[in-house]
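The values are calculated or read from the model by the stated rules, or taken from the named source; none is laboratory data. Everything numeric here is computed off the predicted structure, so don't read it as measured data. Glycine gets a Cβ as well: all are built from the backbone with ideal geometry, and neighbour counts include every protein chain shown. These accessible areas exclude ligands, DNA and RNA; they are computed on the full protein's heavy atoms, side chains included. Shrake-Rupley method; radii C 1.70, N 1.55, O 1.52, S 1.80 Å.
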Amino acid sequence: MPISHQLLRPVSIGFIVLSFIVALLVNLLPWQASIANFAPDFVALFIIYWTLNQPRRVGVATAFVLGVLMDVGDGNVLGQHALAYSVIAYFVLIRQRQMAVFAFWQQALIVFGLLTLAQAIMVVVRMVLGAPFVGLTYFAGSILAALLWPPLSNLMLMHQRKSVPDEL
C-alpha cells in the first residue's frame, strides 16, 4: 500500500515509557561490558527516535532524566550521559521538521553524527576528569546504531500504521 494511503495512530505515553525501559535494560545488560565498543547506545537511539517523532512528549528534559538513570545504572561519572543525551535531543529538536521528511537512510547518517557527538562528549568529560583516551574503537557502536536506524524506525512505526480505504 502506498505511503499516501496510510495514517499513523497516536502513540500512547505508556508505549514511549515502555520503549525507554527496554532500552535502559538492554544498555545495562551484563554482556554489554564484553562488547562495549561495538554495542549501540539504545537509550540514545530511542531518544533520537522519540524526539524526532514525538517532539511534544519527548525532549531535552526527558533526555536529561534518562541520562542520569544511565549514569547511575552504569556507575559512570554522574552527568556525562545526561549532558550527551540532552545535547543530542536539543539538536534533533532544532532540526525536527527538516529531519522528519528525510528518507530513513538519510536520517541514519544524521543519527550516526549525533551518536558520535554524544560519545565524544562522554569521552571529553572523562578525559577532563583524568581518565585516559579510550581509543577510536569506542565510536564503533555509532556505526552499528546507524545501520539499525532504518529497521528500528520501520518497526516502531509498524504498530502506528493504519490502513485507509482507497476512496480517500
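Some values worked out for this structure:
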{"item": "Residue satisfying condition, being within 19 Å of residue 147 (Cβ to Cβ) and not hydroxyl-bearing (Ser, Thr, Tyr), within set 84, 61, 44, 89", "result": "44"}
{"item": "Some residue of the range 131-138 being under 19 Å from residue 47 (Cβ atoms) and either at pLDDT 90 or above or aliphatic (A, V, I, L, M) (or both)", "result": "no"}
{"item": "Unmet requirement for residue 100, which otherwise passes all of (1) surrounded by 14 or more Cβ atoms within 10 Å (Cβ to Cβ); (2) of a type outside the set (D, E, K, R); (3) within 21 Å of residue 143 (Cα to Cα)", "result": "(1)"}
{"item": "Identity of the residue in the range 74-97, farther than 17 Å from residue 43 by Cα and in a helix (DSSP H, G or I), that ends up most open to solvent (accessible area, probe 1.4 Å)", "result": "97"}
{"item": "Neighbours by Cβ (under 9 Å, 6+ apart or cross-chain): first from the range 110-122, closer than 12 Å to residue 41 by Cα and open to solvent by less than 40 Å² (accessible area, probe 1.4 Å); second among the acidic types (Asp, Glu) and not in a helix (DSSP H, G or I)", "result": "115/41; 118/41; 119/41"}
{"item": "Residues of the range 20-39 satisfying the condition of being open to solvent by 60 Å² or more (accessible area, probe 1.4 Å) and either more than 23 Å from residue 113 (Cβ to Cβ) or aromatic (Phe, Trp, Tyr) (or both)", "result": "21, 22, 25, 28, 29, 30, 31, 33, 34, 38"}
{"item": "Filtered residues of the range 40-67 (kept if aliphatic (A, V, I, L, M) and either farther than 25 Å from residue 29 by Cβ or open to solvent by less than 50 Å² (accessible area, probe 1.4 Å) (or both))", "result": "43, 44, 45, 47, 48, 52, 58, 60, 61, 63, 66"}
{"item": "Meets criteria (open to solvent by less than 40 Å² (accessible area, probe 1.4 Å), more than 14 Å from the chain's Cα centre (by Cα) and over 23 Å from residue 66 (Cα atoms)) for residue 135", "result": "yes"}
{"item": "Matching entry among 52, 69 (being over 16 Å from residue 17 (Cβ atoms) and in a helix (DSSP H, G or I))", "result": "52"}
